[in-house]
Amino acid sequence: MSEQLILAGPEATDALGRQLAEALKALPAARVCIYLHGELGAGKTSLARGLLRGYGHSGRVPSPTYTLVEPYNCGGRAIYHLDLYRLQHATELEYLGIDELALPGAVLLIEWPEQGGNHLVPPDLEVFLAISGENRACRMQARTPTGSSVLAAMTA
Ligand SMILES: Nc1ncnc2c1ncn2[C@@H]1O[C@H](COP(=O)(O)OP(=O)(O)O)[C@@H](O)[C@H]1O
Ligand SMILES: [Mg+2]
């Protein structure tokens with residue numbers, strides 16, 4: 001588990017997302033699945049937004065609360081932002097075609113992964129966000145060699 005980072009204000013969450021984007025650019029061919037954990041308002045969508053901005057997406061980044069998944073194409077790389085908060089049954093993920101999204105080179109950012117049960121792609125990296133007074137706290141845990149490479153590229 002990484003050191004706990006204190007993200008002092010929304011700009012810090014955005015900056016961490018951008019830093020993650022830079023690390024992902026160093027691994028263009030890898031399929032990277034990132035779980036974003038944390039209570040409502042912890043900054044999961046903000047982090048995903050920073051990552052997408054860092055990857056060059058300049059349009060809107062709506063929360064996928066109702067659509068479940070928002071697809072992006074950032075310079076040829078497929079990035080899928082999911083929010084499973086409103087998923088009724090983990091089996092709905094099959095209708096969503098979750099396995100087809102998890103192709104080589106794709107990046108999956110998944111809010112509320114707990115809702116997906118064991119139908120979900122396993123994570124390469126888990127990010128844990130929490131409300132900490134006016135700020136947010138963040139820890140990251142690599143779960144695969146790919147996840148470790150992302151973390152290494154962030155600190156490099
Ligand atoms: N580091 C931070 N410090 C204070 N507020 C933050 C920070 N990061 C994000 N926020 C704010 O928290 C609110 C909720 O963020 P959001 O990303 O929608 O949370 P979640 O997706 O986890 O429900 C937003 O208003 C956002 O600007
Ligand atoms: Mg959200």
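The values are calculated or read from the model by the stated rules, or taken from the named source; none is laboratory data. Predicted model only: the values in this text are computed from it and were never measured. All Cβ positions, glycine included, derive from the backbone under ideal geometry; neighbour counts span all protein chains shown. In case anyone asks, the SASA skips ligands and DNA or RNA and just uses the protein heavy atoms, side chains included. Shrake-Rupley method; radii C 1.70, N 1.55, O 1.52, S 1.80 Å.
Out of 117, 56, report the one residue that is of a type in the set (Gly, Ala, Ser), open to solvent by 40 Å² or more (accessible area, probe 1.4 Å) and modelled with pLDDT under 95.
Working: 56 fails: modelled with pLDDT under 95.
The conditions single out 117.
Remark: pairs (first residue in the range 1-22, over 14 Å from residue 125 (Cβ atoms); second residue more than 8 Å from ligand 1 (Cβ to nearest atom) and open to solvent by 70 Å² or more (accessible area, probe 1.4 Å); Cβ separation under 6 Å; 6+ apart in sequence or on different chains) = 4/139.
Evaluate the following for residue 143: is it crowded, with 17+ Cβ neighbours inside 10 Å and of a type in the set (Lys, Arg)? When the stated conditions are applied, residue 143 does not pass them. What is the residue count in the range 33-53 for residues that are open to solvent by less than 30 Å² (accessible area, probe 1.4 Å) and more than 11 Å from ligand 2 (Cβ to nearest atom)? Final tally of qualifying residues: 7.
Inside the range 64-98, residues that are open to solvent by 50 Å² or more (accessible area, probe 1.4 Å) and either among the hydrophobic types (A, V, I, L, M, F, W, C) or part of a loop (DSSP other than H, G, I, E, B) (or both) make up a count of 9.
Among residues of the range 68-87 that are on the phi > 0 side of the Ramachandran plot, those with a beta-carbon under 9 Å from a residue that is surrounded by 17 or more Cβ atoms within 10 Å (Cβ to Cβ) at least six positions away or on a different chain give the pairs 68/82; 68/83; 68/84; 68/87; 68/93; 68/96; 75/55. Put simply, of 106, 78, 90 the only residue that is at pLDDT below 95 and more than 16 Å from ligand 2 (Cβ to nearest atom) is 90.
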